[in-house]
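Asks: Handing you a structure now.
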Amino acid sequence: MKWLALLGMSALIIASFQVPPALGFPEPELARIIFFHLPCAFSTVVFVLFAAYSSYRYLATREWIWEFRALAATEISLGTAVATMLSGILFSKVQWGAWWHWDPRQTSFLIVLILLGAYFAVRMSFEEEVSRARAAAVYSSLTLVPVLFLFFVFPRLPQVLKNSLHPSTTVQSGGFSQDYWTVVLGVFIMLLGTCIWIYKLHVRTSLLEQVLKDQDGQLETSGNRPTAYRVDRGVSLREPD
Amino acid sequence: MKSPWAREIGAMVRKEFRTELRSKSASYTAFMLSAITVFTLAFAFYGRELPPDAASGMLWAALLFAGVGTLTRAFVAEEEQGTGDLLRMWAHPHAVYWGKALFAFLQMSATAGLVTLLFFMLAGVGVSNYAMLGLALLGGSAALAGMVTLVSALVSRGSNRGTLAGVVALPLLVPLVALGVTAGRSAITGLAQPAGWASCGGVWCYTLLVLAMAPYQLAAVWGEP
Amino acid sequence: MKSPWAREIGAMVRKEFRTELRSKSASYTAFMLSAITVFTLAFAFYGRELPPDAASGMLWAALLFAGVGTLTRAFVAEEEQGTGDLLRMWAHPHAVYWGKALFAFLQMSATAGLVTLLFFMLAGVGVSNYAMLGLALLGGSAALAGMVTLVSALVSRGSNRGTLAGVVALPLLVPLVALGVTAGRSAITGLAQPAGWASCGGVWCYTLLVLAMAPYQLAAVWGEP
Amino acid sequence: MVGCEGLGKRYGRRWLFRHLDLAVAPGECLVVLGINGSGKSTLLKILAGVVPATEGRCDRGSDPRLTLGYAALDQPVYPVLTVAEHLELAAELRGCSPRVEELLAEVDLAYAAGVAGRHLSTGMRARLKFALAVQAEPPAILLDEPSAGLDEKGRHIVGRIIESRRARTAFVLATNDPEERRFATHEIALG
Amino acid sequence: MVGCEGLGKRYGRRWLFRHLDLAVAPGECLVVLGINGSGKSTLLKILAGVVPATEGRCDRGSDPRLTLGYAALDQPVYPVLTVAEHLELAAELRGCSPRVEELLAEVDLAYAAGVAGRHLSTGMRARLKFALAVQAEPPAILLDEPSAGLDEKGRHIVGRIIESRRARTAFVLATNDPEERRFATHEIALG
Ligand code: HEM
Ligand SMILES: Nc1ncnc2c1ncn2[C@@H]1O[C@H](COP(=O)(O)OP(=O)(O)OP(=O)(O)O)[C@@H](O)[C@H]1O
Ligand SMILES: Nc1ncnc2c1ncn2[C@@H]1O[C@H](COP(=O)(O)OP(=O)(O)OP(=O)(O)O)[C@@H](O)[C@H]1O
Ligand SMILES: [Mg+2]
Ligand SMILES: [Mg+2]
């Protein structure tokens, strides 16, 4: 399995240099950044969606597993989002000649990053597990719509498109040549696989932590199983006046 | 006899009004924030008269910050007083939400009116399409009230609530601001009317979305133990 | 052995730090708030870059949002928690004021630094006179901290008298902001340097005035039973 | 009727109690005993549904607003609402009749119907909270340190409140005051 | 040494008390009695200097921070500061030595030195407030309902605190609990 992954990656790397430069870009040679840029963006969407779903499931069925899944998914989506941003910044340096161009796409994606980051601010400020889980779940279900809006809708509003340099219609209009598509998709699948692997490990660890906590607590309690006992109504503890 | 819903929500709103009228803290803060905001933003451009399509941005920024600064207290105050538990035991979460959101909406639209008035007095820009501006502002206030009320409940039992509320509420409202600003621009300049109306519709969609989801999320995050 | 003053004020500042920055989230959250404030403001102006002589005003607006909103709670929170009486019994009013004002100043200037940094990083306007800008911002933060702390004490006791005092006191910030904006503008654009320095001096006079009278007013309004 | 199954509460690493099964029926009065910090109030708060349990579940009846009453020493009231307004608000939210005069007479607070919450003395506040707890005549009432801070007369009122409702109400009392063990039909010791 | 001359307190139309002259010397313990709402706590708050008197004047000694201790049932503590931090803060502001271990041992709260104020139970909070009140060993100590909410052991601690300081300290107790009249050298009934 690992070897397969390694093989695939090396193949993709070679392929990414085999494909001809994309002439659509100011700097055709360096357009290859897109092979990293776009898959990261896509995986971000995937994990954001899944995180929102898990949060919803947690609220529906109060099972811890869903809370752990939501947490893991959000962490990974934040990671890929940062990767998108970094590659994008690099991209804008080489293509537009400035690290930060104040492009609507950049602004909106910055807010996406903040939305994802705030999830952890929320988590950190609740010390009790139950309340923390609920607050986090509700927050992440709240973020779904804004994230999707900033991700897909806002950059494509006409009045925004007109003063944005960032390409946004390449995919829909099939702007990518066949070989580009194959590489992009290949990298996307690779990335997704890796992310899912990390994600699974993450969920496992949080489950184990939870179990451990309860165990420890049990050890600390002095066999604490209080039981009610009937009192003889005849006796009154009131002192005789 | 009124329907139970009307009765419960009415009771909540009445309670909020009484509290507010007797300890004028919230309206004081609202007044303070909006006044300072508008003044500063208007002053930012004093001497040079305001490019009309920047005006909309300022207006919405002012509203956003005044709103977030004021309304986040809704549930935070309850928890700080320790009266949150009373509501939790007496009331249905949805009634609590609607009551507080309604009050917040009234407060917010009052603030919005004040801000807008001050703003156009100070900045001296004309409006070419009042209907659009009004609709956008109304929808905006509703969405602000609905969202910030929910956020205030979300953070009310966490630590350093004050800051957290801002951190959570502001980015969630950015889409609203984006749409509102667009609508405002075309309302002020009179250009790109279709786009303006579209974003006005967007604002209202966002509002409905918020108000549809919020009560259930409140029940989850605040209503239960 | 430190002087009693140093010890008492130090204790107050330490207590504020512990209260505000206890949970590990606090500083993270505070940082995010100032960031978000700037971004949201920037967002309200998407698509059109900022005229350099408006930048100063925006900067001050951002400062006010990020700073004042939280600072007004300084004393209000004490009274709402019911811990005000503890301070009244344990501490000398002046020590309380200086402690809280100092903490507010630290918080405020940290925010100011951060906001300014982000602001100029993102807004892409150059500064032609750093010294002037820095001085203006520093003085401004001090004045804001001192003033807002006092106002918070005025309104904290809940009596309408206090609220009224607050309403009267707060517009006093307006001249400060006006001076600050003017100084900032000439610091950024590099035009009208003399006027800039003048208003920079104005900011500092204002600061000294506030800090000179505030402790006594506090002792009168808050210190006595 | 109030109860719980396999109830457990953990703060950090420490379990206050665990595997707790209770079922208090009308006519019974369960007195919760234990030293300071043993978890009495926490247990009552969990039963009242204002603090989440770590494990297990509680039975609070169909609609807790009408089936559960709760009064605790530490529970604040609204600072600016008057005594009467508290009762009206609670009644409108719960959907029962306010019975202001009747209740205030029962707890002997009628003279203070117009006093704001923040101006109430300890004992007056305790009386108001009793009135609020029994307003809907719920089948289950939870009282946390009922007679703390009450004068002679107040303690008699507590006695009357409990005795007069015994037959149709399940009581749970958390207390440090040996006096109050006289109400117990059952007792449980925590910690 | 704590006292007042011609002290009077009016709320609206109602005088809680008037023309009140007190002088409690070390060795004496004044117990303030009265029904709920008669003004016991208000009197203590006025003596402590946190509530203004309507007329008359109080004597709190040269520097109330060091000459007066006050602990009341209704007095909250800082939610986020820990028990130990409360004692350190108070000591640094007053300018006396913190004596954290010593005091916490006396009130039997050493095990909770690191617990935040909002996580304290009623009885634990009461103990913390005793520790704060006696920290500077002031010549006058005011206690409002000291043993309310305390368990058996806690009530013994109250007894020890008072008895051990009798000789050098003037005590004023406001209480509804007949038990506590046993400390009285003098009594006064309000209302
Ligand atoms: C910090 C800067 C940047 C950020 C945050 C960013 C972010 C994104 C995101 C989130 C997507 C996927 C969402 C979508 O498809 O709508 C995307 C797609 C894309 N980006 Fe960027 N990007 C940045 C800079 C750049 C630059 C400088 C270029 C090249 C000039 C570029 C080229 C592309 C292309 C070609 C796509 C696919 C367009 C499509 O979806 O049709 N990006 N970018
Ligand atoms: N939110 C919390 N986080 C951590 N610990 C807590 C929290 N709330 C309470 N505790 C701890 O739980 C224990 C039980 O508190 P509780 O108020 O139930 O005690 P209690 O039995 O009512 O005591 P008392 O007789 O003094 O009222 C205390 O030791 C307290 O420190
Ligand atoms: N700020 C205020 N404004 C108006 N009335 C007040 C105020 N504070 C207290 N009162 C009234 O003063 C009276 C005395 O209150 P206080 O708390 O001193 O009573 P108390 O003797 O301590 O009663 P308890 O035994 O219940 O503690 C009460 O009737 C209360 O309503
Ligand atoms: Mg308790
Ligand atoms: Mg009292």
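Asks: Considering segment C:183-213 alone, what residues qualify as being among the hydroxyl-bearing types (Ser, Thr, Tyr) and in contact (Cβ under 8 Å) with a residue 60 or more places away in the chain?
Replies: C:189, C:199, C:206, C:207
Asks: Sticking with this structure for a sec: Could you name every one of the helices (runs of 4 or more DSSP H) located completely within segment A:78-188 that has at least 2 residues being within 14 Å of chain C (Cβ to nearest Cβ) and closer than 23 Å to residue A:55 by Cα?
Replies: A:104-124, A:129-148
Asks: Has segment A:158-180 got any residue that is at pLDDT 80 or above and of a type in the set (Phe, Trp, Tyr)?
Replies: no
Asks: Please state which of the following conditions residue C:113 fails to meet, knowing it meets all the rest: (1) free of Cβ contacts under 8 Å to residues at least 60 places away in the same chain; (2) of a type outside the set (A, V, I, L, M, F, W, C); (3) over 25 Å from residue C:189 (Cα atoms).
Replies: (3)
Asks: Pairs please, first residue from segment E:39-66 and at the interface with another protein chain (Cβ under 7 Å from one of its Cβ atoms), second anywhere and among the polar types (S, T, N, Q), Cβ atoms under 8 Å, 6+ apart in sequence or on different chains.
Replies: E:41/D:121; E:41/D:122; E:51/E:42
Asks: Taking residue E:86 as meeting all but one of (1) within 10 Å of another protein chain (Cβ to nearest Cβ); (2) modelled with pLDDT under 95, write down the number of the exception.
Replies: Here residue E:86 meets the rest and fails (2).
Asks: Here's a follow-up. I'm trying to understand the selection: among the residues of segment B:186-213, which are more than 8 Å from chain A (Cβ to nearest Cβ), in a helix (DSSP H, G or I) and over 28 Å from residue B:151 (Cα atoms)?
Replies: Answer for segment B:186-213, where residues must be more than 8 Å from chain A (Cβ to nearest Cβ), in a helix (DSSP H, G or I) and over 28 Å from residue B:151 (Cα atoms): B:186, B:187, B:188, B:189, B:193, B:194, B:196, B:197.
Asks: Tell me, which strands (runs of 3 or more DSSP E) lie completely within segment E:26-79 with 2 or more residues that are at pLDDT 90 or above, more than 16 Å from the chain's Cα centre (by Cα) and more than 16 Å from ligand 4 (Cβ to nearest atom)?
Replies: Qualifying strands (runs of 3 or more DSSP E): E:55-59.
Asks: On to the next question. Being more than 9 Å from every other protein chain (Cβ to nearest Cβ), touching a helix residue (DSSP H, G or I) at 6+ places or on another chain (Cβ under 6 Å) and touching a residue at least 40 places away in the same chain (Cβ under 8 Å) narrows it down to one of B:126, B:146, B:166, so name that one.
Replies: Of the residues listed, the single one that is more than 9 Å from every other protein chain (Cβ to nearest Cβ), touching a helix residue (DSSP H, G or I) at 6+ places or on another chain (Cβ under 6 Å) and touching a residue at least 40 places away in the same chain (Cβ under 8 Å) is B:146.
Asks: Right, here's the next one. Looking at (1) over 30 Å from residue D:153 (Cα atoms); (2) within 16 Å of ligand 4 (Cβ to nearest atom); (3) surrounded by 16 or more Cβ atoms within 10 Å (Cβ to Cβ), which is the one condition that is false for residue E:118?
Replies: The failed condition is (3).
Asks: Out of all the residues in segment D:149-191, which are away from ligand 4 (no atom under 16 Å from the Cβ), of a type outside the set (Lys, Arg) and more than 11 Å from every other protein chain (Cβ to nearest Cβ)?
Replies: Across segment D:149-191, the qualifying residues are D:156, D:158, D:161, D:162, D:163, D:164, D:167, D:169, D:170, D:171.
Asks: Related question: Could you list all residues from segment D:90-106 that are within 18 Å of the chain's Cα centre (by Cα) and either at the interface with another protein chain (Cβ under 8 Å from one of its Cβ atoms) or within 16 Å of ligand 4 (Cβ to nearest atom) (or both)?
Replies: D:90, D:94
Asks: Same structure again: Please tell me if residue C:117 is surrounded by fewer than 24 Cβ atoms within 10 Å (Cβ to Cβ) and over 25 Å from residue E:51 (Cβ atoms).
Replies: Values: surrounded by fewer than 24 Cβ atoms within 10 Å (Cβ to Cβ): yes; over 25 Å from residue E:51 (Cβ atoms): yes.
In short, yes.
Asks: With the condition being touching a Ser or Thr at 6+ places or on another chain (Cβ under 8 Å) and either modelled with pLDDT of 80 or more or within 7 Å of another protein chain (Cβ to nearest Cβ) (or both), I'd like the helices (runs of 4 or more DSSP H) fully within segment C:1-82 carrying at least 2 qualifying residues. Spell out the reasoning first.
Replies: On the way: elements: C:4-21, C:25-44, C:52-71, C:73-81.
Once the helices (runs of 4 or more DSSP H) in segment C:1-82 are filtered for at least 2 residues that are touching a Ser or Thr at 6+ places or on another chain (Cβ under 8 Å) and either modelled with pLDDT of 80 or more or within 7 Å of another protein chain (Cβ to nearest Cβ) (or both), what remains is C:25-44, C:52-71, C:73-81.
Asks: Would you pick out the residues in segment D:134-148 that are of a type outside the set (D, E, K, R) and more than 16 Å from ligand 4 (Cβ to nearest atom)?
Replies: D:134, D:135, D:136, D:138, D:139, D:140, D:141
Asks: Answer yes or no as to whether residue E:51 is more than 16 Å from ligand 2 (Cβ to nearest atom) and in contact with a helix residue (DSSP H, G or I) (Cβ under 9 Å, 6 or more places away or on another chain).
Replies: Judged against the criteria, residue E:51 is a match.
Asks: Would you check which residues across segment E:151-180 are surrounded by 13 or more Cβ atoms within 10 Å (Cβ to Cβ) and either within 16 Å of ligand 5 (Cβ to nearest atom) or within 21 Å of residue E:59 (Cβ to Cβ) (or both) and list them?
Replies: E:165, E:166, E:169, E:170, E:171, E:172, E:173, E:174, E:175, E:176, E:177, E:180
Asks: Could you grab me the full set of residues in segment B:153-184 that are at negative phi, surrounded by 24 or more Cβ atoms within 10 Å (Cβ to Cβ) and not in a helix (DSSP H, G or I)?
Replies: Correct list: B:158 only.
Asks: Please enumerate the residues belonging to segment C:105-152 that are assigned to a helix (DSSP H, G or I) and among the β-branched types (Val, Ile, Thr).
Replies: Scanning segment C:105-152 gives C:111, C:115, C:116, C:148, C:149, C:151.
Asks: Limited to segment D:10-52, what total is found for residues that are in contact with a Cys (Cβ under 9 Å, 6 or more places away or on another chain), buried (at least 23 other Cβ atoms within 10 Å of the Cβ) and over 19 Å from residue D:71 (Cα atoms)?
Replies: Total meeting the criteria: 1.
Asks: Hey, another quick one. Looking for something crowded, with 24+ Cβ neighbours inside 10 Å and farther than 22 Å from residue B:223 by Cα - is there at least one such residue anywhere in segment B:91-108?
Replies: Scanning segment B:91-108, I find at least one residue that is crowded, with 24+ Cβ neighbours inside 10 Å and farther than 22 Å from residue B:223 by Cα, so the answer is yes.
The values are calculated or read from the model by the stated rules, or taken from the named source; none is laboratory data. Bear in mind the structure is a predicted one, so any value in this text is a computation, not a measurement. In this analysis, Cβ positions are derived from the backbone assuming ideal geometry, glycine residues included, and neighbour counts consider all displayed protein chains.
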